[in-house]
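The values are calculated or read from the model by the stated rules, or taken from the named source; none is laboratory data. Small disclaimer: the values here were computed from a predicted structure and weren't measured. Cβ atoms come from the backbone with ideal geometry, glycine included; neighbour counts cover every protein chain shown. All accessible areas refer to the heavy atoms of the entire protein, side chains included, with ligands and DNA or RNA removed. Shrake-Rupley method; radii C 1.70, N 1.55, O 1.52, S 1.80 Å.
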Amino acid sequence: MKMKAGRILLLLLCLNVVTFGVIAGPQTCPASDLESGCSDSEEWKGEFFPGIPKIKYEGPSSKNPLSFKWYNAEEEILGKKMKDWLRFSVAFWHTFRGTGGDPFGAPTKNWPWEDGTNSVAMAKRRMRANFEFINKLGVDRWCFHDRDIAPDGETLEESNKNLDEVVTLAKELQGSKIRPLWGTAQLFLHPRYMHGGATSPEVGVYAYAAAQVKKAIEVTHYLGGENYVFWGGREGYQSLLNTDMGRELDHLARFLEAAVAYKKKIGFNGTLLIEPKPQEPTKHQYDWDAATSANFLRKYGLIGEFKLNIECNHATLSGHSCHHELETARLNGLLGNIDANTGDPQTGWDTDQFLTDIAEATLVMLTVVKNGGIAPGGFNFDAKLRRESTDVEDLFIAHISGMDTLARGLRNVVKLIEDGSLDELVRKRYESFDTEIGAHIEAGKGDFEYLEKKAIEWGEPRVPSAKQELAEMLFQSVL
């Protein structure tokens with residue numbers, strides 16, 4: 001009976017294959033079909049997301065989770081297409097290397113294309129999945145760490161060879177439209193970097209880190225990358241008792257100077273970015289926040305060579321809002337890119353969640369609009385699925401939600417600008433400086449003797465209300 005049932009099931013499956021071939025044309029290998037002879041592991045070109053269509057804009061009334069409700073790429077807003085304001089990017093490491101594992105539990109993600117290895121063949125399969133995902137999502141940028149896209153070898157030469165092989169495929173898959181928003185080197189996972197890379201007390205590690213960054217800049221340039229990021233997760237200290245902080249900061253500056261020189265030598269015109277983070281995994285990271293990073297760049301004469309990649313979750317870890325960090329970067333002429341994510345207010349670590357808070361997204365876009373955009377930077381989704389979200393479609397839903405949230409924030413900024421009430425409230429608050437003496441002060445001509453005479457002449461000043469509640473009301477009215 002079991003054999004008969006098996007034959008019937010096989011017949012039905014064969015009929016299904018024939019029917020699909022007639023209706024849908026040439027069949028592709030399903031991502032889970034790793035045991036069949038449909039393709040080999042090296043050049044496998046099956047469809048990774050066979051049930052997912054290309055994501056389209058359907059408008060706010062749509063109930064389809066696999067559609068955009070607010071992000072309409074070609075729609076013009078404030079003189080630019082929405083896609084040019086937002087310049088979205090997919091983060092390879094969270095999307096295709098995220099496992100759902102945490103310090104208390106094993107991985108929960110078991111994507112159908114994974115074979116359990118970290119081989120070059122598997123890396124190439126992931127790269128194909130990456131570009132199918134990008135194309136179906138409708139974005140044209142991606143970001144990567146070198147060791148996320150290709151496996152570490154036993155030697156630096158072998159690691160570089162592995163990277164070259166995968167990057168050659170990536171270049172082919174990119175075509176003429178897609179390119180990296182940025183690339184970077186992973187200088188935090190391997191045990192050799194336990195004391196840091198550019199700030200390691202061991203000169204051999206410093207040299208190895210330099211060689212790895214050199215190669216990562218080269219491949220970013222080869223792929224047409226628009227930026228290159230330095231995230232110093234281990235560039236800091238656990239204790240000052242055994243740390244020469246001044247020497248480590250000097251070494252970090254020399255390292256970045258060498259990166260600038262090499263970038264120029266090979267003709268890479270992308271922007272170099274520093275990504276501030278206060279802590280985790282180190283107790284204190286040297287690029288703690290935007291202001292600290294700006295001060296470091298000024299001290300070492302690097303202010304014209306670097307900009308900042310602001311991550312919202314890192315902002316909250318440093319005790320600031322994302323809006324504060326973005327404004328600090330903007331006012332210093334350093335806003336280069338945004339890692340779009342958020343943390344959980346009930347936890348104190350870097351949870352890297354997709355940004356879905358409409359109010360926060362509106363504040364983020366306020367800064368972006370004031371900045372005139374962030375090109376050649378963009379919005380990279382440095383965000384991962386929750387541990388408990390394990391369906392392939394969840395990858396799409398999460399990105400759609402994040403994209404729609406920022407698009408809605410942009411639309412809300414338009415409402416604020418068109419209404420003008422919030423801008424007028426701010427203007428009135430500072431209107432006493434829109435006078436002759438105010439202009440005198442702002443021009444740097446208000447010396448203390450002159451101001452003392454004015455204070456005696458005017459007497460006790462009248463201090464008006466800040467109207468904070470009204471400002472909050474006006475802001476909330478567009479949400």
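Can you give me the ranges of the helices (runs of 4 or more DSSP H) entirely in region 244-337 with at least 1 residues that are in contact with a strand residue (DSSP E or B) (Cβ under 6 Å, 6 or more places away or on another chain)?
Values: elements: 245-266, 290-299, 312-317, 322-331.
Passing ranges, in order: 290-299, 312-317, 322-331.
Within region 384-404, which residues are part of a helix (DSSP H, G or I) and open to solvent by 10 Å² or more (accessible area, probe 1.4 Å)?
Going residue by residue through region 384-404, those that are part of a helix (DSSP H, G or I) are 392-404.
Of everything in region 384-404, those that are part of a helix (DSSP H, G or I) and open to solvent by 10 Å² or more (accessible area, probe 1.4 Å) turn out to be Val392, Glu393, Asp394, Ile397, Ala398, Ser401, Asp404.
Name the single residue, out of those in region 127-146 being in contact with a Phe, Trp or Tyr (Cβ under 9 Å, 6 or more places away or on another chain) and under 26 Å from Tyr193 (Cβ atoms), that is most open to solvent (accessible area, probe 1.4 Å). Show your work before the answer.
Looking only at region 127-146, we keep the residues that are in contact with a Phe, Trp or Tyr (Cβ under 9 Å, 6 or more places away or on another chain), and these are 127-134, 136-145.
Checking the rest, the ones that are also under 26 Å from Tyr193 (Cβ atoms) come to 127, 130, 142-145.
On the way: Met127: 0, Asn130: 0, Trp142: 0, Cys143: 0, Phe144: 0, His145: 19 Å².
Among those residues, the one meeting the criterion is His145.
Sort out which residues of region 200-222 are touching a helix residue (DSSP H, G or I) at 6+ places or on another chain (Cβ under 8 Å), closer than 13 Å to Ile266 by Cβ and not basic (Lys, Arg), and write them in order of number.
Matches in region 200-222: Val213, Ala216, Ile217, Glu218, Val219, His221, Tyr222.
Is there a residue being small (Gly, Ala, Ser) and open to solvent by less than 70 Å² (accessible area, probe 1.4 Å) anywhere in region 450-462?
There is at least one residue in region 450-462 that is small (Gly, Ala, Ser) and open to solvent by less than 70 Å² (accessible area, probe 1.4 Å).
Out of region 439-469, which residues are of a type in the set (Val, Ile, Thr) and over 16 Å from Lys428 (Cβ atoms)?
The first filter runs over region 439-469 and keeps only residues of a type in the set (Val, Ile, Thr), leaving 441, 456, 463.
Listed by number, the residues that qualify are Ile441, Ile456.
For region 348-381, what are the residues that are part of a loop (DSSP other than H, G, I, E, B), within 30 Å of Gly105 (Cβ to Cβ) and open to solvent by less than 10 Å² (accessible area, probe 1.4 Å)?
Initial filter on region 348-381 (part of a loop (DSSP other than H, G, I, E, B)): 348-352, 354-357, 371-378.
From what is left, the residues that are within 30 Å of Gly105 (Cβ to Cβ) are 348-352, 354-357.
Selection gives Leu355 alone.
Need pairs with beta-carbon distance below 9 Å; first residue in the same structural domain as Gly377 (by the TED database) and within region 262-280, second of a type in the set (Lys, Arg); sequence gap 6+ or separate chains.
These pairs meet every condition: Tyr262/Lys214; Asn269/Lys263; Gly270/Lys263; Thr271/Lys307; Leu272/Lys263; Leu272/Lys307; Leu273/Lys307; Ile274/Lys307.
Arg411: of a type outside the set (Val, Ile, Thr), closer than 30 Å to Ser89 by Cβ and surrounded by 12 or more Cβ atoms within 10 Å (Cβ to Cβ), yes or no? Walk me through it before giving the result.
Values: of a type outside the set (Val, Ile, Thr): yes; closer than 30 Å to Ser89 by Cβ: yes; surrounded by 12 or more Cβ atoms within 10 Å (Cβ to Cβ): yes.
Criteria met by Arg411.
Only residues that are assigned to a loop (DSSP other than H, G, I, E, B) and hydrophobic (A, V, I, L, M, F, W, C): list them for region 49-74, please. Full working, then the answer.
In the first step, residues of region 49-74 are kept if they are assigned to a loop (DSSP other than H, G, I, E, B); the result is 49-55, 58-66, 69-74.
Result: Phe49, Ile52, Ile55, Leu66, Trp70, Ala73.
If you take the residues of region 110-126 that are open to solvent by less than 30 Å² (accessible area, probe 1.4 Å) and in a loop (DSSP other than H, G, I, E, B), which of them is farthest from Val166 (Cα to Cα)?
Checking each candidate, the answer is Trp111.
Can you confirm whether Leu470 is within 43 Å of the chain's Cα centre (by Cα), assigned to a loop (DSSP other than H, G, I, E, B) and within 30 Å of Arg408 (Cα to Cα)?
Values: within 43 Å of the chain's Cα centre (by Cα): yes; assigned to a loop (DSSP other than H, G, I, E, B): no; within 30 Å of Arg408 (Cα to Cα): yes.
Spelling it out, it is not the case that Leu470 is within 43 Å of the chain's Cα centre (by Cα), assigned to a loop (DSSP other than H, G, I, E, B) and within 30 Å of Arg408 (Cα to Cα).
Any residue in region 282-298 that is modelled with pLDDT of 95 or more sitting within a Cβ distance under 7 Å of a residue that is in a helix (DSSP H, G or I) and open to solvent by less than 20 Å² (accessible area, probe 1.4 Å)? List the pairs, counting only those 6 or more apart or interchain.
Filtered contacts from region 282-298: Asp287/Ser293; Asp289/Glu325; Ala290/Glu325; Ala290/Ala329.
Taking region 434-449 as the search range and keeping residues that are part of a helix (DSSP H, G or I) and open to solvent by 90 Å² or more (accessible area, probe 1.4 Å), which one is nearest to Val413 (Cα to Cα)? Steps first, answer last, please.
As a first pass, look at region 434-449 and keep what is part of a helix (DSSP H, G or I): 436-442, 448-449.
Narrowing the set further to residues that are open to solvent by 90 Å² or more (accessible area, probe 1.4 Å) leaves 436, 442, 448-449.
Working: Glu436: 32, Glu442: 29, Phe448: 40, Glu449: 43 Å.
Across region 434-449, the extreme among qualifying residues is Glu442.
Within the bounds of region 339-347, is there any residue that is assigned by the TED database to the domain that holds Lys81, at pLDDT 95 or above, open to solvent by less than 50 Å² (accessible area, probe 1.4 Å) and at positive phi?
no
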